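Report on one structure; see the data block that follows.
We did not get these values from a lab; they are worked out from the coordinates using the rules stated. As the structure is a computational prediction, the values presented were derived from the model and not from experiment. Here Cβ is always computed from backbone atoms with ideal geometry, including for glycine, and neighbour counts include all displayed protein chains.
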Amino acid sequence: MRGLRRLRKLARVAVGVYVKEMRIWFRYPSWLLTFAALPYMVSGLFNGVGYSIAGPKAFENFAKNTGVSNPFLFYTLGTALLIASQLILQDTASSIRSEQLMGTFELHYLTPTPTYIIWLLHIFPHFTVTMMVLLAATLPILAYSGAIISPLDLLYASIVLLLGMLPLLGISLVLASLVVRYKEPWALINVVQSIISLLSGYFYPLTVFPEWVRILAQVVPTSHVVEILREVFLFNRGIALSDSRILLLLTLLLVYPIVGLMFYMRWERIARRRGELSKY
């Protein structure tokens, strides 16, 4: 009975966090429009640069080097996933920082819910925005090119995307702990985002790297998400749940959030002990 009561309280907290974050997103609809349009703009930029350099042979060269005949969809999908990963990586830290600057950060410690659970629950509204951006970036091009994606494959793709974004939440908690402790970790956030972007292969196949870099990329969850979603959207291949990459994503899903939670709780205890929670 007590466990059911706790579950209901957690559900109310989750709904509260979701509604608050989604209201913030829809308060500024230009953000959503920008995120939805950005993949098209970046893809158009890359295609325009390629065509201006190589002319009509640009698409032939692209297909030869990547095995993909649709460079516009290739770059659009990559940009959408890049935006999604950056939202997850920095939004928890930026949410904490904005709460600090508004003077409302300490109010979270008046709730009976542990603060780390509140920040973990931010994954659901952010995942909603991520799916909106991904669908807005891919479905129109797929419809225009005549590609057919089954609803089942679309569901699998959504599950893979969620499995790939949840480990990033662990890294986000590490960055959030630095906000609690040091207040201004943006330089480190930019470095982490750059490394993850480099090893994810958003705009190029990872085969361009030497073997040791490809091995290192195996511990970056977004590298597997990019590969799998390209197979679904670009090559129209179904996803097998027995795929070893799914198992690896599940492993990373267990490791990263636990490590991130340990970091956050440790730095939060230090900040509490030293009276630094209210220092901005």
How fast does the chain diffuse by Stokes-Einstein, in µm²/s, taking the Kirkwood radius from C-alpha pairs at 10 °C and 1.306 mPa s? 78 µm²/s
With the dipole of the chain defined by +1 on each Lys or Arg Cβ and -1 on each Asp or Glu Cβ, the option from His126, Ser172, Phe263 whose Cα lies farthest towards the positive pole is Phe263
Angle between the chain longest axis and helix 123-145 axis [Cα atoms, degrees, rounded to 10]: 10 degrees
Proxy exposure order for Thr79, Thr111 (fewest C-beta within 10 Å first) is Thr111, Thr79
Ranking Asp153, Asp91 by Cβ neighbours within 10 Å, fewest first, what do you get? Asp153, Asp91
About the Cα centre of the chain, what is the dipole size in debye to 20, counting +1 per Lys and Arg Cβ and -1 per Asp and Glu Cβ, all else neutral? 1180 debye
So what is the 222 nm mean residue ellipticity for the chain from helices alone, if each DSSP H run of at least 4 adds -39500 (n - 2.57) and you divide by all residues, rounding to the nearest 500 deg cm²/dmol? -27000 deg cm²/dmol
Expressed in nanometres to one decimal, the distance between label points 7 Å along Cα→Cβ at Val219 and Ser52 is 4.0 nm
Proxy exposure order for Met265, Met165 (fewest C-beta within 10 Å first) is Met265, Met165
